[in-house]
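First up is the structure itself, then whatever we jot down about it.
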Amino acid sequence: MTETVTLKVDGKEYQLPLVTGTEGERAIDITRLRAETGLISLDPGYGNTGSCESAITYIDGEQGILRYRGIPIEQFEKNPNFIEVAWLLIFGKLPTQQEYDRFSEVLTNTANVDEAMKHNFQGFPRSAPPMAILSAMINALSCYHPEFQDVDDPDQLEAVAARLISKIRTIAAYAYRRSRGKPVIYPDPKLRYVPNFLHMMFSQPYDKYICDDVTQDAFNLLLILHADHEQNCSTSTVRMVGSSQANLFASCASGVSALWGPLHGGANVQVLKMLQTIHDGDMTPEEYVRRAKDKDSGERLMGFGHRVYKNFDPRATVLQRTAERLFKKMNKQDPLLDIARKLEEITLSDSYFVERNLYPNVDFYSGIILRAIGIPVNMFTVIFAIGRLPGWIAHWAEQNVSASPRIARPRQVYTGNPETRYVSLLDE
Ligand code: ACO
């Protein structure tokens with residue numbers, strides 16, 4: 001029997017069904033609320049609203065759990081393979097060797113963007129933010145791939161997903177090269193996903209960048225840990241745009257725009273700025289923490305706290321280990337990593353942070369890792385977008401390919417003028 005909750009309005013009782021997820025989380029199903037009661041729900045910021053049912057990613061913020069298709073993210077740490085995880089997210093199961101090889105082959109063969117698109121890059125000023133170029137170019141892909149305007153079967157989904165996952169890294173690298181005034185470096189079909197991206201970023205026509213195994217693993221892991229986070233702002237945007245049956249390129253381009261904002265994908269840039277400020281001697285770690293606790297200062301300790309994780313962020317724990325491994329292998333000291341460790345140490349024994357459950361989040365370590373690999377700060381959010389792309393595709397497909405989608409169209413509570421007569425104030 002369906003469990004219900006009772007809603008009492010104007011003396012009348014309504015039974016609203018309860019929905020229970022596979023991990024026991026419960027929700028009140030209000031799909032019939034307006035039809036039966038004339039009422040709508042009001043929840044700005046959607047903090048209490050489930051926008052859909054989804055089988056892709058599970059988060060338990062209280063316990064610090066993040067699982068992709070049921071697999072805890074820590075289990076990807078040993079042999080990190082971003083493409084395998086991308087397949088898992090999009091198609092719901094780990095790929096067989098045959099599926100993996102087939103998908104990888106398409107990734108390799110479609111890594112180039114159409115030559116005509118290179119002119120589009122030239123059209124941007126050198127100072128253009130790479131996120132603006134990335135969003136514009138992903139949208140532009142729909143001009144070059146009209147065959148994927150409608151994706152309604154799994155084979156087509158595989159073909160378009162492979163192209164998009166492959167080309168986003170080429171576009172990202174070209175955007176970077178454009179900003180530096182450097183010639184583009186074509187993808188190398190002999191290289192795997194991550195080394196190929198770093199080759200396009202850092203090789204020179206006369207000097208090829210060689211990616212070592214530790215860097216490759218760290219970068220793969222970084223992409224994996226960003227690959228999905230259920231109904232976050234950019235993913236919800238992709239779903240919203242996709243619900244109008246906009247194509248995958250247009251939907252993911254809107255995801256890039258949502259991710260661009262400093263409250264979403266831009267936070268690791270702020271972390272690095274904070275560590276640099278401390279390093280430049282403008283403030284000690286202790287002073288910075290003191291300011292972050294002072295509400296009047298307007299400052300926060302960047303990279304700490306999370307809307308969902310009220311325990312540790314499991315991605316931060318994995319990334320901390322990754323950063324240590326990377327620095328050990330590089331045999332390199334980064335004073336910013338030492339400052340990050342110091343900040344973590346201070347906050348773990350500070351009652352302000354302990355009482356509010358403020359722990360390092362994923363952004364706290366990702367910037368340090370990207371910096372060690374040589375990625376410039378203005379590319380950090382672009383890398384986040386490359387990582388998040390499989391999640392966007394998975395959600396777009398979950399909504400559009402398998403089910404009969406319904407356009408997303410929230411309602412509102414109107415608070416404007418009552419009916420007002422039109423009396424023009426312009427001169428006759
Ligand atoms: N430094 C100092 N105090 C903080 C911090 C912080 N980083 N984060 C939260 N607090 C305090 C708040 O001032 C508040 O204190 P109060 O109860 O005395 O008023 C309390 O902790 C709860 O804060 P909220 O703003 O309600 O927490 P919320 O869950 O809404 O915010 C957020 C989460 C936005 C991430 C916040 O912790 C923050 O601003 N962190 C720094 C920015 C950051 O790292 N963002 C990246 C998030 S991860 C991602 O997007 C991939």
For residues that are of a type outside the set (Val, Ile, Thr) and under 22 Å from PRO405 (Cα atoms), scanning just the range 34-47, find the one that is surrounded by the fewest Cβ atoms within 10 Å (Cβ to Cβ). ALA35
Of the conditions (1) open to solvent by 10 Å² or more (accessible area, probe 1.4 Å); (2) under 30 Å from ARG307 (Cα atoms); (3) touching a helix residue (DSSP H, G or I) at 6+ places or on another chain (Cβ under 6 Å), TYR193 fails just one. Which one is it? (2)
Tally time: how many residues in the range 324-368 are within 11 Å of the ligand (Cβ to nearest atom) and of a type outside the set (Gly, Ala, Ser)? 15
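Every residue, every condition in (1) more than 30 Å from TYR144 (Cβ to Cβ); (2) modelled with pLDDT of 90 or more; (3) open to solvent by less than 60 Å² (accessible area, probe 1.4 Å), yes or no:
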{"site": "SER251", "(1), (2), (3)": "no, yes, yes"}
{"site": "GLY266", "(1), (2), (3)": "no, no, yes"}
{"site": "GLU286", "(1), (2), (3)": "yes, yes, no"}
{"site": "ARG290", "(1), (2), (3)": "yes, yes, no"}
{"site": "GLY303", "(1), (2), (3)": "yes, yes, yes"}
{"site": "ARG321", "(1), (2), (3)": "yes, yes, no"}
{"site": "ASN331", "(1), (2), (3)": "yes, no, no"}
{"site": "ASP334", "(1), (2), (3)": "yes, no, yes"}
{"site": "ILE339", "(1), (2), (3)": "yes, yes, yes"}
Within the range 141-166, how many residues are in contact (Cβ under 8 Å) with a residue 24 or more places away in the chain and in a helix (DSSP H, G or I)? 15
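If you check ARG315, ARG321, ARG325, which single one turns out to be part of a helix (DSSP H, G or I), touching a His at 6+ places or on another chain (Cβ under 9 Å) and under 30 Å from GLU74 (Cα atoms)?
Checking each option against the conditions leaves just ARG315.
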Verdict on ASN81 being over 25 Å from the mean Cα position of the chain (by Cα) and in contact (Cβ under 8 Å) with a residue 40 or more places away in the chain: no
Screening THR22, THR57, THR6, THR31 for residues that are within 28 Å of the chain's Cα centre (by Cα) and open to solvent by 40 Å² or more (accessible area, probe 1.4 Å) leaves only THR22
Report the residue count in the range 369-399 for those that are more than 12 Å from LEU223 (Cα to Cα), open to solvent by less than 10 Å² (accessible area, probe 1.4 Å) and within 16 Å of the ligand (Cβ to nearest atom). 1
Quickly run through the range 88-125 and pick out the residues that are among the aliphatic types (A, V, I, L, M) and under 30 Å from GLY181 (Cβ atoms). LEU107, ALA111, VAL113, ALA116, MET117
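Going residue by residue through the range 401-418, is there one that turns out to be under 25 Å from TYR193 (Cβ atoms) and in a helix (DSSP H, G or I)?
Taking the range 401-418 first, the residues under 25 Å from TYR193 (Cβ atoms) are 401.
So of that shortlist, the ones also in a helix (DSSP H, G or I) come out as none.
No: zero hits.
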Which members of the range 200-235 meet the condition of being open to solvent by 20 Å² or more (accessible area, probe 1.4 Å) and of a type in the set (D, E, K, R)? ASP207, LYS208, ASP212, ASP213, ASP217, GLU230
For the range 74-99, give me each residue that is open to solvent by 40 Å² or more (accessible area, probe 1.4 Å) and part of a helix (DSSP H, G or I). GLU74, GLN75, GLU84, PHE91, GLN97, GLN98
With the requirement that a residue be within 16 Å of ARG388 (Cβ to Cβ) and of a type in the set (Val, Ile, Thr), what does the range 118-175 give you? ILE138, ILE165, ILE168, ILE171
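The values are calculated or read from the model by the stated rules, or taken from the named source; none is laboratory data. On a predicted model such as this, the values are computed, not experimentally measured, just so you know. A quick note on method: Cβ atoms are made from the backbone with ideal geometry, for glycine too, and the neighbour counts reach across all protein chains shown. Quick note on the areas: whole protein, heavy atoms, side chains included, nothing else; ligands and nucleic acids left out. Shrake-Rupley method; radii C 1.70, N 1.55, O 1.52, S 1.80 Å.
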